[in-house]
Amino acid sequence: MASDDELMQQALAAADSARLLTAPNPWVGAALETAAGSFHLGATETPGGAHAEIVALRSAGPAARGSTLATTLEPCSHVGRTGACVDAIIEAGVSRVIVGVVDPDPHVDGAGLDRLRTAGIDVVVGVRADEVADQLAPYLHHRRTGRPYVVVKIASSADGRTAAPDATSKWITGVEARTDTHRIRAESQAILVGAGTVRSDDPELTTRLVDGPSPRRIVLGSAPPDAKVHPCLEWRGEIGELLDQLGEEGVLQLMIEGGPNTIAQFHAEGLVDRYVVYVAPAIFGGEDAKPMFSGAGAPTMDTLSRGRFVSVRSVGGDLRLDIVLD
């Protein structure tokens, strides 16, 4: 029999396959091991389709009786566009359920676990919880705050510069990093840049390099009528109000690809949840090249923004650094 960790690892892999399909629903994975030792995987389908647990149960059929089911997120206990997963789990005769993290959605938030335990099912919570929480970070953040998870993408040289003194910036990183950036775009329901970036670079902000949905486009300020970013939302209000509106509209993740002014504004207001920094093995070698942020930064070491690296990996010839601030 597979260990709890091994079964949850299968569920994590299944969830990853659904990452681009499910928003505004969470991308959940499930892995079921029958009493006879066969395995059945499930991943959340597109909105209105079956949840991951149901997909795995359907695959197992009658063999689900007496099985162990691992799911990355607490099974739902309410009826929405689909039936409650806990009812299907109980009816299928599953003996044991392994859960990665509790669902903070007020419709669930422990109620699913209580239903399973009341039905006499052995429930274990917190298996590979850190990995699951990182995989589901945008969804969990949205359900806890009502706002999208804000991811800032930066491409820089090894000495922390993003553009030459003449403002040219294409391309600091290689094609693999640019393709990876398009993957983040596909994972995001909205993408934002400043009006200055639109005027200087005229970006499309689409997912041309990967097979995935393009996000809604947002410009802080006004975009020229002939800019490639159209159709877009041109926003002139408070950033916090924008995040509230996007959250109400079901945007789970907002990607920021703006210049140093836009990034500095989000950072200064404490609105960045994750930085994805692509570092190229290139050096400008002077202070006249453009920095990652504009304006004044932390005045002392005591006020420095600190966090943790949640991932450091090679992307082609560049490095990708994922940083979550405390």
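The values are calculated or read from the model by the stated rules, or taken from the named source; none is laboratory data. This is a predicted model, so every value here is computed, not measured. Cβ sites come from the backbone with ideal geometry, for glycine too, and all protein chains shown count toward neighbours.
Evaluated against (1) surrounded by fewer than 20 Cβ atoms within 10 Å (Cβ to Cβ); (2) farther than 24 Å from PRO104 by Cα; (3) not polar (S, T, N, Q), HIS40 falls short on exactly one condition, (1). Being touching a helix residue (DSSP H, G or I) at 6+ places or on another chain (Cβ under 9 Å), part of a strand (DSSP E or B) and touching a residue at least 12 places away in the same chain (Cβ under 8 Å): is that true of ILE89 here? No, not satisfied. Condition first: within 20 Å of VAL123 (Cβ to Cβ), of a type in the set (Gly, Ala, Ser) and at pLDDT 95 or above. Can you find one or more residues in region 43-59 that meet it? Scanning region 43-59, I find at least one residue that is within 20 Å of VAL123 (Cβ to Cβ), of a type in the set (Gly, Ala, Ser) and at pLDDT 95 or above, so the answer is yes. Scanning region 129-140 for residues that are surrounded by fewer than 21 Cβ atoms within 10 Å (Cβ to Cβ) and not small (Gly, Ala, Ser) turns up ASP130, GLU131, ASP134. Of the helices (runs of 4 or more DSSP H) lying entirely inside region 104-149, the ones with 3 or more residues being charged (D, E, K, R) and more than 19 Å from LEU243 (Cβ to Cβ) are found at 111-118, 129-135.
This table checks each residue for (1) modelled with pLDDT of 95 or more; (2) in a helix (DSSP H, G or I); (3) over 30 Å from GLU74 (Cβ atoms); (4) in contact with a Gly (Cβ under 9 Å, 6 or more places away or on another chain).
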position	(1), (2), (3), (4)
VAL152	yes, no, no, yes
ILE172	no, no, yes, no
GLY196	no, yes, yes, yes
SER200	no, yes, yes, yes
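One residue alone among GLY100, GLY61 is surrounded by fewer than 22 Cβ atoms within 10 Å (Cβ to Cβ) and either over 30 Å from PRO291 (Cα atoms) or under 16 Å from the mean Cα position of the chain (by Cα) (or both), and that residue is GLY61. Residues considered: SER95, SER67. Of these, the only one that is surrounded by 22 or more Cβ atoms within 10 Å (Cβ to Cβ) and touching a Ser or Thr at 6+ places or on another chain (Cβ under 8 Å) is SER67. Could you tell me whether region 136-154 includes any residue that is more than 30 Å from ASP180 (Cα to Cα), over 16 Å from the mean Cα position of the chain (by Cα) and of a type in the set (A, V, I, L, M, F, W, C)? The answer is no; no qualifying residue exists.
Yes or no: region 249-258 includes at least one residue that is over 20 Å from the mean Cα position of the chain (by Cα) and either surrounded by 13 or more Cβ atoms within 10 Å (Cβ to Cβ) or closer than 27 Å to ASP130 by Cα (or both). Checked region 249-258: no residue is over 20 Å from the mean Cα position of the chain (by Cα) and either surrounded by 13 or more Cβ atoms within 10 Å (Cβ to Cβ) or closer than 27 Å to ASP130 by Cα (or both). Would you say ALA52 is within 22 Å of the chain's Cα centre (by Cα), surrounded by 20 or more Cβ atoms within 10 Å (Cβ to Cβ) and of a type in the set (A, V, I, L, M, F, W, C)? Considered against the rule, which asks whether it is within 22 Å of the chain's Cα centre (by Cα), surrounded by 20 or more Cβ atoms within 10 Å (Cβ to Cβ) and of a type in the set (A, V, I, L, M, F, W, C), ALA52 comes out as yes. Quick check, is ALA31 closer than 21 Å to ALA137 by Cα and either part of a strand (DSSP E or B) or outside the structural domain of ASP134 (by TED's automatic domain parsing) (or both)? Here the answer is yes, as ALA31 does meet what is asked. Looking only at residues in region 302-326 that are in contact (Cβ under 8 Å) with a residue 60 or more places away in the chain and either over 25 Å from ALA137 (Cβ atoms) or assigned to a loop (DSSP other than H, G, I, E, B) (or both), the one that is nearest to the chain's Cα centre (by Cα) is GLY316. Of the residues making up region 249-301, those that are touching a Pro at 6+ places or on another chain (Cβ under 7 Å) and either within 19 Å of TYR139 (Cα to Cα) or not in a loop (DSSP other than H, G, I, E, B) (or both) are GLY250, VAL251, LEU252, GLN253, LEU254, MET255, PRO260, LYS290, PRO291. In the list VAL276, VAL312, VAL251, VAL229, which residue meets the criterion of being under 16 Å from ARG147 (Cα atoms) and in contact with a strand residue (DSSP E or B) (Cβ under 6 Å, 6 or more places away or on another chain)? On inspection, the qualifying residue turns out to be VAL251.
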